[in-house]
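Presented below is the structure to which this report refers.
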Amino acid sequence: MRSTTKNPLLKVVILGDGGVGKSCLMNRFVSNQFDEHSFHTIGVEFLNKDLDIEGQTYTLQIWDTAGQERFKTLRTPFYRGSDICMLTYAIDDKMSFKNLEMWRKEFAYYADLKESNQIPFIVVGNKSDVSSEAREVSQLEMETWCNENSITSCIETSAKSASNVEEAFKMAVQHWLRLESRADINETHVNDTVDLSKKIGDSNRMSCCVGGGAAGDDDTNN
Amino acid sequence: MNQLRKRTDLLGIKLLYKENRISKLLKWNGNRKKSTDSRIQQVDNGFFEKFGSLFREQAEMAQAREQEEQQHVAELAAQIAPKDEEEKEEEPETPPLVTADSEASSSDSESEKDDFQADFLAAAFNIDELYTEMLYVILHNVGCDVAFEVGQTALFSYAQDAFKIPNSKHRQLMDVAEQKEDPELIINVEVIEAKELRAKDANGLSDPFVTLYLASNTSHRYNTSVKTMTLNPIWEEHFALAINDKSVNDTLCLEVWDFDPAETVKEKFGKFFEVKGVKGMSKLVKEIAVTAATGQHENELIGVAKIPLSTIPASGMTMWYTLDKKNKVTRRGVLKVRISFSSGKNNQVAGQEHRHMRRIILLHELEVSKVAPYWWCENFTPQADQLLTQHVAQSGLTQTEVALCSYSVYAGIHQKHPLSFGLFSKLLEKLLKPLQTEIINEEDLKLFWEATRKLLPSCLSIIRKIRKKTTNEKTIMKQVMEVLKILNYIITLGPTDIDLFPSNLYPWITFHGNGPNCDIQGALRDAISKGANDWLNYIIENNTENGGTSISKLQNLIQMIQLIRSDLQKAIEYYDKFFIEHVNFQYAKCLYTFYQARVATLCEPDVREICKNLKTLDNSDYKFGEGFVNEDPTVDPLAEGTSLFELYLAIQRFVTLGQGLCPADYNSFHIRNFHQWFHVGVATWLDIAVYKALQRIEKAVELDPLVHIDSTVKYSSSAVDTLTIFYQVNTFWQQLNWPDVEGCYTFIAKIIDDICQCCVSYAKKMAARVDGLGHIENVYEKKFEVTTEWCLAINNIDYVRETLEPFTRDLGMEDILKKIMELKGPVDEKRCRDTLNTVISNAIDTVRNAIVELLETVVNKMIPSMKRLLIEGAELCDQDSNCIDRLMMYVDENLGTLNTELNEENFNRILEIVWESLSETINELIRNNLENRRPPSFFSNLHKTLILMLGVYKDPSDCNSCDALKRTEQVLRVNALETSDLIHEVHLELADKFDQFTESPYGEISFRSKFDGDTIQIEVINARDLAVMDSSGNSDSFVRIHLLPEHEFANVEKPKTKTHHKTLFPLYDETFTINLTPAQREIENGLVLLSVKDKDLLGYNNQYIGETFIRFRDIPCTSESLSELPQVKKWLGRPTSFDTDALKALESRQGDKQAKEFLKKFKNKITP
């Protein structure tokens, strides 16, 4: 009775405009299902999922939120205490990408983040299954934005084709792990910080941006 | 163990106290020492009590609260009212026609003043004439009431006063009046009916008619029509008789006659048969006689009524008169007449004259009597009354005309000096019928509406000032009622083409029609709104914020809503019925419609603003033992939220009131969605609630004496306190009564999540609280003992955990899901349900883990003591040690405590953990001590102890950790064996293993065997498919027979077969007979080993092909010949690994020669 719940618990919040596929991402990840005609989320939705990373099982408590403005007051109470925040947009929807900034701020405000360095954000560009004509946000744009906002993890996924979905969550957890360990290290080795402002490709950078499955890129520099 | 048996009883109790949880919870809280409670409350100044009290009172004492509030409101209103008066009293000098807002009153008073003055000038212009007329009236007083009521002199002096005429002028005008001609007076007579007339005709009836004339002029007669065959005729006929001289001694004569048409005697006789009775007969005879005698027809007088004119009052009268006849005493019947005076004056002139007179007299009366405003009700002094009555009589004004005059005059005066509304409503009542039915001339109609226009402002003013506290409630209510009556009459009489509500007079009336406004209903509605608005503005102005903080802002809003609610309450209780009854107007509803809009516009911006700026609480700032770090000690971040919540409740109740009051319009009210203004606030309230809850939990744990609350339960105060806190959170939620389903759902998710956080926090604090307890240290030993406190801590957490699910039920989760089902359908319902269930089960799991963690902590604390005793016991067992006893005692005591205190579930859980840990500990002991080459006796003792403990505490059937324990036990058993036994163990294991074979690369052997007494006979028959051992592809095999265990059969030979060369299918066909001692025969687990080997050329190094084992117990015990028995075939096998407990144990016995040699041989046998 106690075996499963002994795992470390991580609270994950998925944010992003309505219709970018937050619920789909979660459902694909948790139950490997995809429903093209899924409804709007009412306020919040909550699911558990265990995830193995390097031999350790982590229990993710995933709060999926409603992206519509009218739900704002209903979702924001759930931000506090999150370990990971997944900022989601759809690559065929420029607006949803532009709104990432708003989402980031909303989360930072309501989660009462103190140290900006410790923001456990990961950026997810969903719907990577769309045709290249429909694409409105390039991977470079995503990486640039992440870079500007000191976000080191980003990935393109497709809840529809199941591409990169589990990877996204894994990346999120790994990102969290790095932040945790860095927090530990920082206590002893103050100098051992990573300069995040350096360019992509810099070998020191702990970047783990991963291309969309449709593009078929190599999973690069980490 | 007794404890185990007690379990069931405990379970029974457990069930019992589960059922009564909430009621007991409350009871305990009630019974508990208040000191603890209050100390916990001190943490946050009774935060939940404030919230909670609102709820409880609302739920249980709504009525009481209502009253209390009303009282409060009344007090508030009382504080406001005097000020109100002061403000109003500042303008009494200006004509108090409308005492409302200054701009309106000044404007309308201006215009009205002009009007009035003009009126007055007109009056002054002919005041002399009027006065002369007045004197003339006095001089020619008519009616009976002249002389004795008021003397003429008194009347003159009164008139002089009223008209403010100086003496000289009086005399001058008196002369004029005296020289004027006598008035032409007319007496109006209405002959109405007669009753009980005397029968004059033979048929017992009469055919009556009336003749009337004045005694002074008998020749001038008037006759009514004849009513045939009746004794109760009704005429209702009018006559006007001129009074020529002014003598009051004249008499009005009324004669009632029986009509007799001219009949002949013969005709009369024709009636003979109509005659009734003897009397009738005699009458008829008499009649005939008279007719016959006179030869002429003659009417017969029934009776006469003589009325001296001096008995008739000036105002006229209606009266029954008894009829008389000369010399007759018998009753003749009674006659009803109405008599009044009138004049031949022009009606218009008379009316105008009368109006002026009435005005002057009334003004004089008011001046003299100093009657209070709104009080005067046509109570003239006798002089005034007589003057007016005389004038009416002498001018011949009708009742309607008089009423119209009065109405007009009073309305005019009412503007300056308010008169009683009852007066007007009575006048209107009088006028209602005439105005509706009679033909009234244009001018009079105009007069009426002009007067009405003058009257209306004060009427509406009363409606507007309905809240004024100057006069007592009864008066106000009476006034309102009269005003409503007035309005109703006006509505009934309307509409008119006169603009009743000129916009310069009523800037607040919202009339959108064209032309004159005579929409009284509309004006009434506007007046109500205006009144409410003025009142509300006054409250707001006088409620100016103290310091302008958001809290004071909120408090003001709350107060305002309370005042409004009490105003509405009054409207509903007192006024609504008047409005509906008299003008069919829904006052309270109208008022509510107005208020709801105002409340919405007043509250919404402030609420939204305050919500937006609410300071968010950061729970992560919360440090155990320190509480929150308050950054700004001057601002209480919670007070704002609390006030906001109070406002929410106030509006909520206000809205509920509206729902009942205006069910039809409710959906169009803006305020209906008030909760949306608070949207942002709710999240903060929830945060505050958690914050408070965490604070209280910490305090509750700190103050927990860790003793049972009472003898029936197994937990202590902090559990109850924590539950109380949850209950309060729930109370908060119930009170919030959030109307929006989607919001409800998410908030519930949040609350459950928060409560989980509280549970976890409670568990942590509880664990920290007991952590240092139970450690005993003295010169002899250092040990841990399970104390009641530890058990209470566990029980407390468990108790709190148990309530989680009922708690979610109480939150109304099912209701909300049902609503989502209706609103969104089953898919969303399922998703929401799943989410909530996941949150709940997560919460429960997390708390359960906390319990398990605590249980593990307890066990971990017990283990060192147990371990030490185990080691001591294992080492010293044979030397008469009591270590095992001490171990057993230790375990017994601690588990005993746990068993008594914990519930079954947790006890079983801790038992599991004990066995798991024990198993781990023993395994560790085994490992360490094998390394240290402890003798088998060490393990043997350990093994014995373990068996003993298992026997006592463990029911092996229900044991999750059984496998681990079995393993441990097995390992211990093996290690406890002496080396030779251990070797045999290896063989037994191999025997078991080989029996499993279904094929083998080493071949198969056939044999027969039997016991005959203590003798064993073995016939080795053949082998087949033997493994190839030579380069030539053959083997040179033989079979050797060993009896095992070796040390038991040391004296027994080990026979072997001949070697069969170069064949893989050797036919041995040899029988061996071995004699055993009875003891050897009975050896348990005895084995026969058939070992097949390849003969080396030199015979030194025989190669091992394979082997098989025959158990003694498998060998038949028979006297039959061996050849009769069936052949037994067995596959040959070889050991394959060292991976068994026995071999490992042997390996660990490094210093043991026997073990070493065996292992060496054994290794050689292993398949290369």
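We did not get these values from a lab; they are worked out from the coordinates using the rules stated. Small disclaimer: the values here were computed from a predicted structure and weren't measured. Glycine also receives a Cβ, built like all others from the backbone with ideal geometry; neighbour counts cover every protein chain displayed.
The ranking of B:THR998, B:THR788 by Cβ neighbour count inside 10 Å, starting from the fewest, reads B:THR998, B:THR788. The stretch between B:ASP740 and B:SER369, if pulled fully straight at 0.36 nm per residue, gains 127.0 nm over its current Cα-Cα span. Applying the criteria of a DSSP loop state and at most 12 other Cβ atoms within 10 Å to the trypsin sites (Lys or Arg not before Pro) of the range A:100-162 yields A:LYS114. Here A:PHE39, A:PHE121, B:PHE424 are placed in order of increasing Cβ neighbour count within 10 Å, fewest first, which gives A:PHE39, A:PHE121, B:PHE424. Stretching the chain fully between B:ARG1024 and B:GLU856 yields a gain of 54.5 nm (0.36 nm per residue, less the alpha carbon separation). Once both labels are positioned 7 Å from their Cα atoms along Cα-to-Cβ, the gap between B:LYS433 and B:ILE580 label points is 3.0 nm. Applying a DSSP loop filter and a limit of 14 other Cβ atoms within 10 Å to the trypsin sites (Lys or Arg not before Pro) in the range B:342-412 leaves B:LYS370. Annotation: the residues B:THR1015, B:THR398, sorted from fewest to most other C-beta atoms within 10 Å of their own C-beta, follow the order B:THR1015, B:THR398.
Extension gain, B:SER216-B:ASP995: 0.36 nm per intervening residue step, less the Cα-Cα distance, totals 264.1 nm. Note on B:GLU236 and B:GLU573: their simple-model spin labels are 5.0 nm apart, each label 7 Å out from Cα toward Cβ. Amide H contacts of A:GLU136 (H built 1.01 Å from N, in plane; Pro and chain starts excluded): A:ASP92, A:ASP93 sit under 5 Å, all sequence-distant by 5 or more or on other chains.
Using the Cβ-Cβ distance between B:ASP1096 and B:THR1140 with R0 = 30 Å, the FRET efficiency computed as 1/(1 + (r/R0)^6) comes to roughly 0.50.
Relative contact order of the range A:4-188, taken over Cα pairs closer than 8 Å and 6 or more residues apart, is 24 percent.
Remark: the range B:185-198, residue by residue, has Karplus-estimated 3J(HN,Hα) of 9, 10, 9, 9, 10, 10, 8, 8, 7, 10, 9, 6, 5, 6 Hz, where x stands for each Gly or Pro and the curve is 6.51 cos²θ - 1.76 cosθ + 1.60 at θ = phi - 60°.
Close amide-amide hydrogen proximity is noted between A:TYR58 and A:LEU51, A:ASP52, A:ILE53, each under 5 Å apart and 5 or more residues distant or on a separate chain (H modeled in the peptide plane; Pro and chain starts excluded). Sorted from longest to shortest, the spans of the Cα atoms of the range A:4-188 along the three principal axes equal 50, 37, 33 Å. Close amide H contacts of B:GLY316 (hydrogens built in the peptide plane, cut-off under 5 Å, sequence separation of 5 or more or a different chain): B:PHE341. Sequentially through the range B:564-569, phi angles give Karplus couplings (6.51, -1.76, 1.60; θ = phi - 60°) of 4, 5, 5, 4, 4, 4 Hz, Gly and Pro residues having no value and appearing as x.
When only alpha carbons of the range B:980-1165 are considered, Rg and Dmax amount to 16.4, 50 Å.
On the beta carbon distance between B:ASP1069 and B:GLU920, with R0 = 60 Å, the FRET formula returns roughly 0.60. Between A:SER31 and A:GLN56, the FRET efficiency from the beta-carbon distance, with R0 = 22 Å, is close to 0.45. Remark: spin-label model distance B:SER1121-A:ASN7 equals 7.4 nm, labels positioned 7 Å along the Cα→Cβ axis. Ranking B:PHE997, B:SER1123, B:PHE1162 by how far each Cα lies toward the positive end of the dipole of the range B:980-1165 (charges on Cβ) leaves B:PHE1162 at the top.
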